[in-house]
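To start, the structure itself, in structure tokens.
The values are calculated or read from the model by the stated rules, or taken from the named source; none is laboratory data. All of these numbers come straight from a predicted model, not from anything done at the bench. In this analysis, Cβ positions are derived from the backbone assuming ideal geometry, glycine residues included, and neighbour counts consider all displayed protein chains.
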Amino acid sequence: MTLNINVPPNDGTDSRTRKDLVEDLLDEMTPWNPQERMSAFRSFLSGSLSLIHIHVLTILEVQGPLSMSRLAEALDVSVASATGIVSRMEQRRLLERRHDESDRRIVSVHPTGLGAEVFLRLRRHRREKLKKLLGNLSDEELAAFLTGLRAMRRARSATGPEVEAPSPWSHRHSGPHAHEEEPGS
């Protein structure tokens, strides 16, 4: 695609090309995996869902339906705590419990349609916010940004899964409080 960067961005002569470039940038910026999502939720949620609810929905999205004990293990909480979390999420119609057909004692936790829609709504919200930001960039900046983002995606793919967010407790292994135990130890 050729982009005429000598034309002012909003004069309408090259709007289709600019729109395509913005959409390409949005496509590059908005696909995010569950781990990436967790770091962005605080700015998007504005109190409508708790981070634990988002965490549960993300775990179920990645691992599929889980028994209460497996969900508790994934959350690193007791089964009683997981049961309380699931009950609150059921009240909000985000999750449902289903009994196994062959053994009714086994109960698995599943996201509802509303629960699955949470991430679609977050993605739409994120795209709209980014679209406004991108509207302030020149055509040349948009093209360069897209090139940079695609280079970052290739680099991330080539580097592999070892490029992850640090553990929230990693700071405790050095410094003045290194002797303190981590929660749950």
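For the range 143-154, does any single residue satisfy the condition of being more than 27 Å from E28 (Cβ to Cβ) and touching a helix residue (DSSP H, G or I) at 6+ places or on another chain (Cβ under 9 Å)? Quick ask: steps written out before the conclusion?
So the first thing to find is which residues in the range 143-154 are more than 27 Å from E28 (Cβ to Cβ), and the list is none.
So far as the range 143-154 goes, no, none of its residues is more than 27 Å from E28 (Cβ to Cβ) and touching a helix residue (DSSP H, G or I) at 6+ places or on another chain (Cβ under 9 Å).
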Is it the case that the range 48-70 has a residue that's more than 30 Å from A143 (Cβ to Cβ), of a type in the set (S, T, Y) and at pLDDT below 90?
yes
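Pick out the one residue from S102, S108, S78 that is among the small types (G, A, S) and touching a strand residue (DSSP E or B) at 6+ places or on another chain (Cβ under 9 Å).
S108
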Lone unmet requirement of (1) farther than 18 Å from D27 by Cα; (2) touching a residue at least 12 places away in the same chain (Cβ under 8 Å) for D100:
(2)
For the range 91-141, give me each residue that is within 24 Å of the chain's Cα centre (by Cα), assigned to a helix (DSSP H, G or I), surrounded by 15 or more Cβ atoms within 10 Å (Cβ to Cβ) and not basic (K, R).
G115, V118, F119, L122, L130, L134
